[in-house]
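Note sheet for the following structure.
The values are calculated or read from the model by the stated rules, or taken from the named source; none is laboratory data. All values derive from a computational prediction rather than experimental measurement. For neighbour counting, all protein chains shown are included, and Cβ atoms are generated from backbone atoms with ideal geometry for every residue, glycine included. Note: areas computed on protein heavy atoms with side chains; ligands, DNA, RNA excluded. Shrake-Rupley method; radii C 1.70, N 1.55, O 1.52, S 1.80 Å.
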4 protein chains.
Amino acid sequence: MRFFSDNAAAACPAVLAAIAGANRIDTAYDGDSWSQRLNGALSTLFEAEVEALWVSTGTAANSLALAALCPSYGSVVCHRDAHIQVDECGAPEFYTGGAKLLLADGEGAKLTPEAVEALLATIRDDVHQVQPAALSITNATEYGLVYTPDETAALGALCKERRLGFHLDGARFANAVASLGCTPAELSWKAGVDALSFGFVKNGGLSAECLLFFTPGLAAATHYRRKRGGHLLSKGRYLAAQILAMLEDDLWLRNARAANEAAARLAEAAGPHRLLLPVEANEMFIKVSPEEAAALRAQGFDFYDWGPGEARLVTSWDSAPADVDALAAAIRAL
Amino acid sequence: MRFFSDNAAAACPAVLAAIAGANRIDTAYDGDSWSQRLNGALSTLFEAEVEALWVSTGTAANSLALAALCPSYGSVVCHRDAHIQVDECGAPEFYTGGAKLLLADGEGAKLTPEAVEALLATIRDDVHQVQPAALSITNATEYGLVYTPDETAALGALCKERRLGFHLDGARFANAVASLGCTPAELSWKAGVDALSFGFVKNGGLSAECLLFFTPGLAAATHYRRKRGGHLLSKGRYLAAQILAMLEDDLWLRNARAANEAAARLAEAAGPHRLLLPVEANEMFIKVSPEEAAALRAQGFDFYDWGPGEARLVTSWDSAPADVDALAAAIRAL
Amino acid sequence: MRFFSDNAAAACPAVLAAIAGANRIDTAYDGDSWSQRLNGALSTLFEAEVEALWVSTGTAANSLALAALCPSYGSVVCHRDAHIQVDECGAPEFYTGGAKLLLADGEGAKLTPEAVEALLATIRDDVHQVQPAALSITNATEYGLVYTPDETAALGALCKERRLGFHLDGARFANAVASLGCTPAELSWKAGVDALSFGFVKNGGLSAECLLFFTPGLAAATHYRRKRGGHLLSKGRYLAAQILAMLEDDLWLRNARAANEAAARLAEAAGPHRLLLPVEANEMFIKVSPEEAAALRAQGFDFYDWGPGEARLVTSWDSAPADVDALAAAIRAL
Amino acid sequence: MRFFSDNAAAACPAVLAAIAGANRIDTAYDGDSWSQRLNGALSTLFEAEVEALWVSTGTAANSLALAALCPSYGSVVCHRDAHIQVDECGAPEFYTGGAKLLLADGEGAKLTPEAVEALLATIRDDVHQVQPAALSITNATEYGLVYTPDETAALGALCKERRLGFHLDGARFANAVASLGCTPAELSWKAGVDALSFGFVKNGGLSAECLLFFTPGLAAATHYRRKRGGHLLSKGRYLAAQILAMLEDDLWLRNARAANEAAARLAEAAGPHRLLLPVEANEMFIKVSPEEAAALRAQGFDFYDWGPGEARLVTSWDSAPADVDALAAAIRAL
């Protein structure tokens, strides 16, 4: 009963079926009929003209987005605990040609306009410092919090005022949308987002993530950068087909809801005194003593220790209800 | 009836089955049980201790290999028509941090020690020029020729003498092995090769290529570079499973033989006067007048024009015998 | 009696005097009064609004110019023997973030529109190849030939049509202007040049080169790139003062004329049968047997062997007339 | 009466004389007789075999040093206020190919082993994070504090244990040596330093800084990187001559002592209640109200505001005793 991470979950059946359905000869790279339908399908979902590129990893999506928004001599503002800072081995620096990440603080890996402004205020406007060129946030955050449309828009307004590109790492964008009950548009371009890494792998995909540009002109160079980064698969149809399958009948949203609901059940079991942060998506951070953690593990529940006396538990689209119930009961019984 | 390129072919059934077989929760990235078996499986095949990393594209494999063999201030000798020079949008430059490719000549994209030596002789040994650090060849070449073990070993000896790393772009390594009837070892480390991009996608894979290091010490940094390049998939088991499936019962070799045999049938039909180069693997380059090309296309055969009065036809593991026979007949009838 | 290279010559007295004259406390970097006068002084000389940045080397000027004109996923067309290709250890690749140099041919390191067009015709317009973004020529060329204003303008027209940035490596721009008797404007922006590396060091400077942008908007990012490359000296006034001194009373032109005239005297002595190329600036390439070369050296004349039976002799602003006469006589006497 | 920064000071007469003395034709780049004497002169001063390369800026020296010590996929630990982090526009990222700077804290921009260890403890040892490869400290620090030989050695021991390269940004190394009365060796290689940026420009030089490698093997690649960065001046002798002049009769030490003594006089005048930090080299940070600052400026003293109610005053080798006395009196009179 694994509650380590949603990125280790299985792929959902519709995704496997889509791969099988794409298994015939077609045009290579992204010239195939599946890839050609991506822009349309995502423009429909987002109620706007978007340009969509498939890639294999969220790290690739994030880094390509940042390379489109920030020159090598610029910098990207992000949270100190952002995935792009602590979990991508310098991929943003690699793809941007050496831009700097400027680290802001905020509870639960969540940024506020005030925190961003405070950081920007430390940067002198001269050639001796890399000038801020972009802001990147993660929604849902690395700690399972969500930015509302209004919170996102407040950051978007700041970006517009300060002439910063606005990137949204949406590895768990589906969980955020599901949590908030808003539209994808409200959490992205309507709030000023220029580029979105729309994650599918954590949400039931096999190997396809989608990089979306809402702002015209940003995608053109990215096609070259994707190829140059080795991310233009020759049989790209298998990636496009996965994404199309996830969009079909809002599978992406249903999967995310399932994961969120599982986390909510666990959160309720844990109770407010044990929660380190509110559970707003599919991640739960709790206080547990070493003995309690050992007790849970002894019952077959796997999860990450997060700090001394802390644990992270992540649900996913396929968390078995029985497992979730069993874990909830075990937490209650601690 | 498409004879454009083997990289547009379908994935073979065993590969799809392996993906389905890996579809359960497991450790993320390359901590899963499939990925953990890669080193062993490839060491067995190559009769030597090797380190193997899966990636999604041949471009990623090639670029990571070159980054391991050549510093940013060095250069890589390759053929003027090498895939790394003309088809990867500067990925080698990107991954090496700006190394230079030095271009040598040779019939059919094939290099000889003499051609390499002649190129090296033009480089002054001073800090004003990027010094050669590696040699990269492609076997089978971009024009469907093969290097024999002896030819490879001659280049390997040159590399050793000149202290160059030796990279083999094996996008069609299987076709070369199948064509020559030698062992994988004879075409690689026994001939002095340090790093091999072992291609599976053109040969029936879906999205998995394998980067192999024969020389100890080269793989360590590559693990970081792979992550940094955005090529460490979180559900890596789906890539490892593909490779393991291709190795099972020498599927890789059987697929390559099928493609080569189809090409041989076409070559026989074309006859020596029409062939621009010998057909030694699964690619055929022929002279065809515009009228002849149009006639073939009118019968439903698709292929690339290569130059004025020239065409490229590529067979693959799943070229239907009936299609091949029909094309052979059509060529004979020109 | 050294005829190795003009880049080893002494600095001229006016340059040393200017350095001494700038030797007082002032604002650091390029905030001083000398640096602040550069744009004006060069705008006057070039009869147009230009932005000028001092740097310490021609390699820095060239690389910064190319980084302004070519993205990392683009390519720069240049001659196979261009300094940026063979003498800068990959600095253009470093500063552009890994762009590729595409090499064209032409007698005496001189490009023609036809040669450039022929090269461009080999580049497919797809994401698999780095797309041409800039053209770089050297005037006077690495082999001492000059491009006339018309020849330059023909290349400029091609650049405009093909949407290429146009860079001029003017390490010996002064010698070209002196040779042609035209204006600096005619050899640069009037002919479509976007960026010029205006060389002073080979022409009597000590350590100052000037990077000029004729096209608005290109300089802004270059200020950051210059700093980032470590080329923003804290006591920049000593560089600006050198350049201003060279512009004073057309010292740059007088120095270049002196060097050119010395080369012309040598060329006359050598005679057409001995010259490998016309002598149009301050470099002479001649046929000399090993015995003849040895004879010249025995008389105290130093120069580079260039190839079997070939030598390069370079004059400079301070080539002593007596030395030149002696060498001319020695050549005649061979 | 400028107390802005030592990097705006004049060059000292011996340096100008050395430049004049080098003003004759010689071998280009670093083949001249001055450059050839650098290794010897610095090996003598440092009582060890060192390899020395001149460059034009401290930023170049620092970045080249870090590129020698840290791979692109690694990281450099430094203080949050280090010059390499806040004043070089990302040059370390540029030269290393995108390494990350990891920022530690400490009073007065000074690091302790504890602070470094605490930072290292936050880095997981896996491929998702850039692994620490080097430590860089500045002595004297950006806030005018000095590391003693023992303090430096403690950090050096940590580097050895953790297998980190150890870089010392010595823009004001001379001031640190002068302040401590120790030998250059004690503050560098004897304390475990691998590479030192030995600054001369702030201390009376014109345009020459020196990059020193104490650890064999690090300099070789740096020669290529220097050229590739555009930092190999063709008339390098003018840089080497400056450094040799500064070493002559310990001019570097005498200049630094003069600057330190001037700062000490100012510190004494300011008194402990006004000093934000001890004055250990040639920088003083004091509390001053806006009115007090205005009063000083009205008397002709220029300096930087540092924060609200704070000012930075920097003395240099040529701070006129009369100016220093006048400023000391003015501070006393506040």
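Data table
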item	result
The listed residue being open to solvent by less than 10 Å² (accessible area, probe 1.4 Å), more than 30 Å from C:Ala133 (Cα to Cα) and of a type outside the set (Phe, Trp, Tyr), out of C:Gly236, C:Gly230	C:Gly236
Qualifying residue in the stretch A:217-226 (condition: touching a residue at least 40 places away in the same chain (Cβ under 8 Å), within 14 Å of chain B (Cβ to nearest Cβ) and of a type in the set (A, V, I, L, M))	yes
The stretch B:165-201: number of residues that are closer than 18 Å to B:Phe213 by Cβ, open to solvent by less than 10 Å² (accessible area, probe 1.4 Å) and in a helix (DSSP H, G or I)	2
Residues being assigned to a strand (DSSP E or B) and of a type outside the set (Asp, Glu) - total across the stretch C:280-301	4
Selection from the stretch A:155-172 of residues that are within 14 Å of another protein chain (Cβ to nearest Cβ) and within 20 Å of A:Gly108 (Cα to Cα)	A:Asp169, A:Ala171, A:Arg172
Subset tally (residues that are open to solvent by less than 30 Å² (accessible area, probe 1.4 Å) and out of contact with any Phe, Trp or Tyr (no Cβ under 6 Å at 6 or more places or on another chain)) for the stretch B:21-33	3
Options A:Leu232, A:Leu239, A:Leu251: the member that is assigned to a loop (DSSP other than H, G, I, E, B) and on the phi < 0 side of the Ramachandran plot	A:Leu232
Residues of the stretch D:107-154 classified as more than 14 Å from every other protein chain (Cβ to nearest Cβ), open to solvent by less than 30 Å² (accessible area, probe 1.4 Å) and in contact (Cβ under 8 Å) with a residue 24 or more places away in the chain, total	18
All positions within the stretch C:49-77 that are more than 13 Å from every other protein chain (Cβ to nearest Cβ) and either open to solvent by 30 Å² or more (accessible area, probe 1.4 Å) or farther than 17 Å from C:Ile243 by Cβ (or both)	C:Glu49, C:Glu51, C:Leu69, C:Val77
Enumeration of residues in the stretch D:302-319 that are out of contact with any Asp or Glu (no Cβ under 8 Å at 6 or more places or on another chain) and either open to solvent by less than 40 Å² (accessible area, probe 1.4 Å) or part of a strand (DSSP E or B) (or both)	D:Asp302, D:Phe303, D:Tyr304, D:Asp305, D:Trp306, D:Gly307, D:Gly309, D:Glu310, D:Ser319
Total residues in the stretch D:20-40, condition farther than 25 Å from C:Phe303 by Cα and at the interface with chain C (Cβ under 9 Å from one of its Cβ atoms)	1
Any hit, the stretch B:288-297, residues being surrounded by 16 or more Cβ atoms within 10 Å (Cβ to Cβ) and either of a type in the set (S, T, N, Q) or within 22 Å of B:Gly199 (Cβ to Cβ) (or both)	no
Restricting the stretch D:82-100 to residues that are open to solvent by 20 Å² or more (accessible area, probe 1.4 Å) and facing another protein chain (nearest Cβ under 8 Å), the residue that is farthest from the chain's Cα centre (by Cα)	D:Gly97
Set B:Leu266, B:Leu276: member being among the hydrophobic types (A, V, I, L, M, F, W, C) and either closer than 19 Å to B:Ala11 by Cβ or open to solvent by less than 10 Å² (accessible area, probe 1.4 Å) (or both)	B:Leu266
Hey, A:Ala256 more than 14 Å from chain B (Cβ to nearest Cβ), open to solvent by less than 40 Å² (accessible area, probe 1.4 Å) and out of contact with any helix residue (DSSP H, G or I) (no Cβ under 7 Å at 6 or more places or on another chain) or not	no
Checking D:Gly300 against (1) touching a residue at least 60 places away in the same chain (Cβ under 8 Å); (2) within 14 Å of chain C (Cβ to nearest Cβ); (3) under 25 Å from D:Ala48 (Cα atoms), the condition it does not meet	(3)
Condition met for B:Gly271 (touching a His at 6+ places or on another chain (Cβ under 8 Å), open to solvent by less than 40 Å² (accessible area, probe 1.4 Å) and either of a type in the set (S, T, N, Q) or at pLDDT 95 or above (or both))	no
Inter-residue pairs, beta-carbon under 9 Å, first closer than 9 Å to A:Ala28 by Cα and more than 7 Å from chain A (Cβ to nearest Cβ) and in the stretch B:5-19, second among the basic types (Lys, Arg) and surrounded by fewer than 21 Cβ atoms within 10 Å (Cβ to Cβ), 6+ apart	none
